[in-house]
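Before any comments, here is the structure.
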Amino acid sequence: MSDERLREKQESSDRHKVQRVIAWADHVRTTPDEEWSREQNVLIDAMQYDE
């Protein structure tokens, strides 16, 4: 693969990452605290395991 093609591939990947961060930031700004609390509890429950 040429250097130019590798650079284009990296730039495309970087743009995709930026779009994901922007989408996440929008979700954070628009999600009420109560919903965040529920989401966090679901995550915590999912990470715990039976001993």
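The values are calculated or read from the model by the stated rules, or taken from the named source; none is laboratory data. This is a predicted model, so every value here is computed, not measured. Because the Cβ atoms are built from the backbone with ideal geometry, glycine has one as well, and the counts that use them run over all protein chains shown.
Looking at R20, R29, can you tell me which residue is in a helix (DSSP H, G or I) and modelled with pLDDT of 90 or more?
On the way: R29 fails: modelled with pLDDT of 90 or more.
Exactly one residue qualifies, and that residue is R20.
What's the total number of residues in the chain that are among the aromatic types (F, W, Y) and exposed (fewer than 10 other Cβ atoms within 10 Å of the Cβ)? Quick ask: steps written out before the conclusion?
Residues of the chain among the aromatic types (F, W, Y): 24, 36, 49.
Pick out the ones that are also exposed (fewer than 10 other Cβ atoms within 10 Å of the Cβ) and you get 49.
Number of matching residues: 1.
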